[in-house]
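Please read the structure below before turning to the comments.
The values are calculated or read from the model by the stated rules, or taken from the named source; none is laboratory data. Quick caveat, the model's predicted, so the values are computed rather than measured. Because the Cβ atoms are built from the backbone with ideal geometry, glycine has one as well, and the counts that use them run over all protein chains shown. Ligands, DNA and RNA are stripped out before the accessible areas are found, and what is left, the full protein with its side chains, is counted by its heavy atoms. Shrake-Rupley method; radii C 1.70, N 1.55, O 1.52, S 1.80 Å.
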Amino acid sequence: KTYVGWCWKAGGSASSNSDGSITSNVSANVTAGFSIVSYTGTAANATVGHGLGVAPSWMIVKNRADANAWAVYHSANTAAPETDYLVLNTDAATADLNTYWNDTAPASTVFSIGSITNTNGSSDAMIAYCWSEVEGFSRFGSYTGNGSADGPFVYTGFRPSFVMTKRTDSTGEWRMQDTARVPYNPFTGYLRASTSEAELSGGAFDFLSNGFKIRNNDGEINASGGAFIYMAFAENPFQGDDGVTQARAR
């Protein structure tokens, strides 16, 4: 059988973080803008330290003790993303509920959670994966579909290696395309995070030197007037370990 995996390197062994009202254990890689956060829920409005030093743009939270859906926060989801949530394991559109993020945007040291069990189950073990945007390496944004085979171009500032998209104003699956499975344009092989189905074909993207271009009018990625979010990571990051942007060698 064939398999694919997408991996992010955090910061090694977790350490205690008391920045929030709930003490968390955090493994953070600030250079890559990625941290793994474990904490115990309280079922009351709270804050949790994430260790990134800047506000996360994308977060996935899972209750490890209960059979709850994966809660998703995305900074470009709506005009007020802290009031809304998405669910990774379904095709559901954005919904508004203050018990997910307590209607409070993430800050440089903490993210906020409400009372719902998906993000803050009482005495439940919780896990959060947090990403902040890093110039030349990652970008989290939105675009509007045009319903044409000559779809929108989305600027990222780098050639992507992995792109995940989701329609937010209506139902639509979480679509993933990458350079490991399809190393050339157009990228037609895709997977859906929200289903258990095998790889599908269609929904072509072009991965370009500074972004990606949609080459299909599939409503799941390019409905006319549809609102979409994306998460993109670079094939060859324009970023050094010191955080200074630098040119890629030939």
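When a/c reaches 1.5 or more, the comparison of a/b and b/c decides; with that in mind, is the stretch 1-149 rounded, prolate or oblate per its Cα gyration tensor?
Rounded.
Does the stretch 134-202 classify as rounded, prolate or oblate by the C-alpha gyration tensor (a ≥ b ≥ c root eigenvalues; a/c under 1.5 gives rounded; else a/b over b/c gives prolate, otherwise oblate)? The partial results should precede the final answer.
Values: a/c = 1.39, a/b = 1.11, b/c = 1.25.
Cα axes put the stretch 134-202 in the rounded bin.
Between residue 197 and residue 179, what is the spin-label point distance in nm, taking each point 7 Å from the Cα along the Cα→C-beta axis?
2.8 nm
What is the gain in length, in nm to one decimal, between residue 44 and residue 213 on full extension, counting 0.36 nm per residue of separation less the C-alpha to C-alpha distance?
Taking residue 44 through residue 213 to full extension adds about 56.5 nm, to one decimal.
What aspartates and glutamates could a cross-link reach from residue 62, if we take a straight Cα to Cα line under 16 Å and drop same-chain neighbours fewer than 8 places away?
124
Once fully extended, how much extra length lies between residue 123 and residue 1, figured as 0.36 nm per residue of separation less the alpha-carbon to alpha-carbon distance?
Taking residue 123 through residue 1 to full extension adds about 40.0 nm, to one decimal.
Determine the calculated [θ] at 222 nm for the chain from helices alone, applying -39500 (n - 2.57) to every DSSP H run no shorter than 4 residues and normalising by the residue count; nearest 500 deg cm²/dmol.
My calculation for the chain gives -500 deg cm²/dmol from helical runs alone.
Here are labelled values, [x] 1.17; [y] 0.96; [z] 1.06, and one is the computed Rg/Rh (Cα atoms, Kirkwood Rh) for what I pasted. Which one?
Recomputing Rg/Rh (Cα atoms, Kirkwood Rh) here gives the entry labelled [y].
Can you list which of the chymotrypsin sites (Phe, Trp or Tyr not before Pro) found in the stretch 1-87 are DSSP loop residues with at most 13 other C-beta atoms within 10 Å?
3, 6
Given a 1.4 Å probe, how much area per residue of the chain is accessible, in Å²?
Heavy-atom accessible area per residue stands at 43 Å².
Ignoring ligands, DNA and RNA, what percent of the accessible area of the chain is carbon or sulfur (1.4 Å)?
Answer for the chain: carbon and sulfur cover 47 percent of the accessible area.
When the chain is treated as a GNM, springs tying every alpha-carbon pair under 10 Å, which of 100, 184, 143 comes out with the largest mean-square fluctuation?
In this elastic network of the chain, the residue with the biggest mean-square fluctuation among 100, 184, 143 is 184.
Roughly how far apart, in whole Å, are the Cα centres of the stretch 175-190 and the stretch 1-46?
28 Å
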